[in-house]
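S.K.: For reference, the structure I am asking about is given below.
The values are calculated or read from the model by the stated rules, or taken from the named source; none is laboratory data. This is a predicted model, so every value here is computed, not measured. Don't worry about glycine lacking a Cβ; one is built from the backbone with ideal geometry, like all the others, and counts go over all protein chains shown. Heads up: the accessible areas ignore ligands, DNA and RNA and are worked out on the full protein's heavy atoms, side chains in. Shrake-Rupley method; radii C 1.70, N 1.55, O 1.52, S 1.80 Å.
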Amino acid sequence: MKFLVTGATGNVGREVVRHLCAAGVPVRAVSRNPAAADLPPEVEVVQGDLLRPETLEKALDGITAMHLFPEPETAAAVVDLARRKGVRRIVVLSSEAVTDNPDDGYHRVVEKAVEDSGLEWTHVRPGEFALNKRDTWSAAIRSGTVRLAFPEAKGVPIHETDIGAVAATALREDGHSGKVYRPTAEQTTTHREQVEAIAEAVGKPVTIEVITPEQEKEDLLGIGWPDDLVEYIQAYQRQWTVTPPEARTDVSTVTGRPARTFAEWARDHADDFR
């Protein structure tokens, strides 16, 4: 089999590429700017754009399995082209948003296009990315104080490399067709514990200041979060203070090794907080 990875320069796509390379299989990656892709030397990087399906004709030559980054606007056309070019298997990078909202108008559109194609399909629906903590807390960690409205809210943030491992395994191995995987960390951690894990990884003391939800909203709006996203996230934080999300074992089930802990993720990304 020969493998094509779309979204190859994204946080998950890079991990899919890395895991496929580690398995010693031929990998082709799509990038709008191949010269800047910065992928392993053994990867064949070709130019293409999911929003312009006609640019993927050559990229799909000889491909039997494809990792599909979600672009709902062109998903049906991309999947149809892949089918006509001989692709047999597609693994979709989807989202837990579909589980929470089956009428999701973004990721579910892509999933449905693949399901309707008649090809083998697998959906990978990660929930909260551990990487979200980098985007939200990096400046605060550097300052030495993290302001939290819901310090005891629990989560199961997933390491991006585990998402990539699940997707790469489903691409390479038989037995995953028609399945939906929802990778999470395998143990819950509170926001307080997550901040403490990052502080330990960075090697500096970090103070947690408990604030009101209104103050936290102002903080998040101040770093560029849109209002509706703040409302969405805070609703989950309130819920997770009372009822934690489910810690699932999909990573272990698919890959044969447990999901990495949040502390491991923090150590892997310590430089992002320095």
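S.K.: Between segment 72-105 and segment 1-34, what's the alpha-carbon centroid distance in Å?
M.R.: So the two Cα centres are separated by 17 Å.
S.K.: Please determine, in degrees from 0 to 90 and to the nearest 10, the orientation of helix 11-22 with respect to the longest principal axis defined by the Cα atoms of the chain, where the helix direction is its Cα long axis.
M.R.: For helix 11-22, the angle is close to 60 degrees.
S.K.: While we're on this one: With charges set only on the Cβ (+1 for Lys and Arg, -1 for Asp and Glu), what does the dipole of the chain come to about its Cα centre, in debye to the nearest 20?
M.R.: On the way: 32 positive and 44 negative charges, 168 e Å.
It works out to roughly 800 debye.
S.K.: Compute the acute angle (0 to 90°) between the alpha-carbon long axis of helix 227-242 and the principal axis of greatest extent of the alpha-carbon atoms of the chain; round to the nearest 10°.
M.R.: Helix 227-242 sits roughly 70 degrees off the main axis of the chain.
S.K.: Relative contact order for segment 148-224: what is it in percent, counting Cα pairs under 8 Å that are at least 6 residues apart?
M.R.: Numbers: 54 pairs, mean separation 37.9, N = 77.
Relative CO of segment 148-224 lands at 49 percent.
S.K.: Follow-up question, since we're still on this one. Just the number please: accessible area per residue for the chain, 1.4 Å probe, all protein chains included, in Å². Mind showing how you got there, number by number?
M.R.: Details: 12490 Å² over 274 residues.
With all protein chains present, the chain gives 46 Å² per residue.
S.K.: Sorted from largest down, give the three principal axis spans of the alpha carbons of the chain, whole angstrom values.
M.R.: 56, 39, 35
S.K.: What does the charge add up to near ARG257, with Lys and Arg as +1, Asp and Glu as -1, over the other residues with Cβ less than 13 Å from its Cβ? Working shown, then result.
M.R.: Details: positive: ARG260; negative: ASP162, GLU186, ASP250, GLU264.
Overall, the nearby charge balance is -3.
S.K.: Give, rounded to the nearest 20 debye, the magnitude of the charge dipole that segment 221-274 has about its Cα centre when Lys and Arg contribute +1 at Cβ and Asp and Glu contribute -1 at Cβ. Display every interim value, and only then the final one.
M.R.: Details: 6 positive and 9 negative charges, 61 e Å.
For segment 221-274, the charge dipole is close to 300 debye.
S.K.: Let me ask you something else. Probe radius 1.4 Å, ligands and nucleic acids left out: which of TYR106, TYR181 has the largest accessible area, and how do the rest follow? Intermediate values should be presented prior to the final figure.
M.R.: Values: TYR106 95, TYR181 20 Å².
My answer, sorted largest first, is TYR106, TYR181.
S.K.: Order of 9-16, 166-173 by packing, highest average Cβ count within 10 Å first? Can you show the working numbers first?
M.R.: Working: 9-16: 21.2, 166-173: 24.0.
The densest-packed peptide leads the list: 166-173, 9-16.
S.K.: What dipole magnitude, in Debye to the nearest 20, does segment 29-133 give about its Cα centre under +1 on Lys/Arg Cβ and -1 on Asp/Glu Cβ?
M.R.: Numbers: 12 positive and 19 negative charges, 50 e Å.
For segment 29-133, the charge dipole is close to 240 debye.
S.K.: Given a cut-off of under 8 Å on Cα pairs at least six residues apart, what relative contact order in percent is computed for the chain? Let's see the in-between values first.
M.R.: On the way: 528 pairs, mean separation 49.6, N = 274.
Reported relative contact order: 18 percent.
S.K.: Grab the other residues whose beta carbon is less than 12 angstrom from that of ARG28, score K and R as +1, D and E as -1, and report the net. Let's see the in-between values first.
M.R.: Values: positive: LYS2, LYS58; negative: GLU42, GLU44, ASP61.
Spelling it out: positives minus negatives among the neighbours equals -1.
S.K.: Further question: Excluding PHE129 itself, calculate the net charge of residues whose Cβ lies under 14 Å from the Cβ of PHE129, where each Lys or Arg counts +1 and each Asp or Glu counts -1. All intermediate terms of the calculation are to be shown ahead of the outcome.
M.R.: Values: positive: ARG14, ARG125, LYS133, ARG134, ARG182, ARG260; negative: GLU15, GLU96, GLU128, ASP135, GLU160, ASP162, ASP268, ASP272.
Combined, the nearby Lys, Arg, Asp and Glu give -2.
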